[in-house]
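Reviewing the structure listed below.
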Amino acid sequence: MFTASAQELPRSASFGALVSDLNDSTATSLQLSSSKGTLLKQVVEGSSADKAGLIRNDVLISFDGKAIENTNHFLSILKTYHGGDKVKVIYYRKAKLKTASITLQPKAKETSSNYDIIYADVHSGNNHLRTIITKPKAPGVYPAVLIVGGVGCYSIDNNSNLSFRLWVDSLTANGFVTLRVEKTGNGDSKGIPCREYDFLTEKQGFSDGLKQLKSLPYVDKENVFIAGFSIGGVIAPLLAQQEKVKGIIVYGTVGRNWLEYELENTHRQRLLEDYPADSLDLVMRAEYERLYGLFVEKKTPDQIIKEHPETALTFFEYPMSIKYFQQVADINIRQLWMNTDARVLAMHGTSDFVSSAVEHELIVQTVNRYHPGKATHVEIENSDHWEIYTESEKISQSLSQTALNPLAATTALRWMLKMVKAVN
């Protein structure tokens with residue numbers, strides 16, 4: 001049975017202001033000699049900042065004795081504090097240097113009048129991770145879903161990911177328990193800074209979250225599902241090799257070796273950008289050298305660029321460490337799906353420029369070859385990689401749309417309910 005940790009995770013701190021960098025013109029208008037610090041563009045009423053007397057256009061230059069370089073630096077400092085901590089801030093107001101003492105408030109938690117939300121935690125190696133559980137209010141035993149997000153350092157707490165909240169609302173309202181795992185270095189979670197940990201560490205965090213989910217007394221252990229988004233669609237079948245689950249849902253993911261996926265993606269995305277044919281050929285030659293160097297020879301970007309200068313323009317900043325992606329590239333993804341005995345729903349948005357329908361077709365073909373009839377492929381119309389309602393891949397590339405498309409969540413819900421009802 002699941003029990004709370006002996007040493008519960010403290011809630012992270014909330015400052016309560018909209019902040020931005022100072023540019024030279026703003027610094028001049030505020031009569032400041034430097035653009036270092038962070039500008040308070042708006043202060044939330046009743047927040048930590050408001051109660052300390054801070055107002056709009058104040059410029060923070062020091063937080064608890066730490067000089068603030070810019071807004072990102074301030075936010076990284078704030079991440080290390082918790083509700084109840086007392087700090088001293090130094091700031092400028094109309095060019096006059098001032099100080100204030102602040103008692104930081106804890107971040108607000110998610111709330112819902114329709115279902116219960118439980119803030120729990122799990123130990124994963126040396127990391128201590130926040131988990132957020134939702135369950136129907138009525139007593140009972142329910143099917144459950146572990147939600148596994150995509151790559152990157154972002155919080156899953158308090159509506160920070162709107163597509164996740166859409167799934168959570170839909171699933172819990174229809175009789176499912178859900179569990180999300182906050183990655184290390186995000187939100188309340190403690191441990192390795194997010195950008196420094198590797199893929200295997202991330203996978204282990206979700207593995208420990210799945211074990212926690214299956215241990216809950218109100219979860220039907222025979223009806224547990226995993227929903228994996230983007231690279232979560234690689235983590236999902238890995239978890240299913242270790243813990244039996246009823247079904248796996250993937251959306252916008254990868255169906256083959258990571259090197260192949262990146263190579264094909266580069267080609268498809270350059271076509272969307274209307275690259276001239278001769279330039280495209282040169283880019284693809286350089287891209288092959290880059291990917292082979294990174295994922296087969298395990299070289300650093302600097303080594304590859306030195307040996308193949310033409311690759312310099314093909315490099316971009318990965319959202320995680322190179323080691324993270326090298327570990328992903330070592331996974332035999334086709335073999336994963338070959339050994340997956342659970343039911344599988346592979347969904348892809350027709351406007352997803354990050355992944356392609358081919359990846360999902362490959363997953364379904366592989367599963368059904370070795371486990372006939374267990375996998376289904378569905379294309380979700382007008383949905384992009386982030387489940388935003390978008391009419392095309394090209395429009396999605398502009399990142400100009402904001403309204404969510406609920407069709408992936410409702411399709412997955414219907415698919416799971418059929419399996420649960422068939423048994424019950």
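Values computed for the structure shown
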read-out	value
Those residues of region 180-231 which are at pLDDT 95 or above and of a type in the set (Val, Ile, Thr), in sequence order	VAL181, THR201, VAL219, VAL224, ILE226, ILE231
Of residues in region 390-407 being surrounded by 18 or more Cβ atoms within 10 Å (Cβ to Cβ) and outside any loop (DSSP other than H, G, I, E, B), the one farthest from the chain's Cα centre (by Cα)	GLU393
Among the candidates VAL177, VAL168, VAL181, VAL151, residue that is within 15 Å of ILE235 (Cβ to Cβ) and buried (at least 23 other Cβ atoms within 10 Å of the Cβ)	VAL181
Top-ranked residue in region 379-410 [being of a type in the set (Ser, Thr, Tyr) and either touching a helix residue (DSSP H, G or I) at 6+ places or on another chain (Cβ under 8 Å) or touching a residue at least 60 places away in the same chain (Cβ under 8 Å) (or both); ranked as nearest to TYR251 (Cα to Cα)]	SER383
Answer from ARG334, ARG285 - the residue that is within 25 Å of the chain's Cα centre (by Cα) and part of a helix (DSSP H, G or I)	ARG334
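For every residue, the table says whether it meets (1) on the phi < 0 side of the Ramachandran plot; (2) in a strand (DSSP E or B); (3) buried (at least 17 other Cβ atoms within 10 Å of the Cβ).
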{"position": "ALA13", "(1), (2), (3)": "yes, yes, yes"}
{"position": "LEU18", "(1), (2), (3)": "yes, yes, no"}
{"position": "LEU22", "(1), (2), (3)": "yes, no, yes"}
{"position": "ALA27", "(1), (2), (3)": "yes, no, yes"}
{"position": "GLN31", "(1), (2), (3)": "no, no, no"}
{"position": "LYS41", "(1), (2), (3)": "yes, yes, no"}
{"position": "GLU45", "(1), (2), (3)": "yes, no, no"}
{"position": "ILE55", "(1), (2), (3)": "yes, no, no"}
{"position": "ILE61", "(1), (2), (3)": "yes, yes, yes"}
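One line per residue, one yes/no per condition, for (1) part of a helix (DSSP H, G or I); (2) at negative phi; (3) of a type in the set (A, V, I, L, M, F, W, C):
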| residue | (1), (2), (3) |
| --- | --- |
| ARG180 | no, yes, no |
| THR184 | no, yes, no |
| ASP188 | no, yes, no |
| ARG195 | yes, yes, no |
| SER207 | yes, yes, no |
| LYS221 | no, yes, no |
| VAL224 | no, yes, yes |
| PRO237 | yes, yes, no |
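The values are calculated or read from the model by the stated rules, or taken from the named source; none is laboratory data. Quantities reported herein were computed from a predicted structural model and do not represent experimental measurements. With ideal geometry, Cβ positions are generated from the backbone for all residues, glycine too; neighbour counts draw on all protein chains shown.
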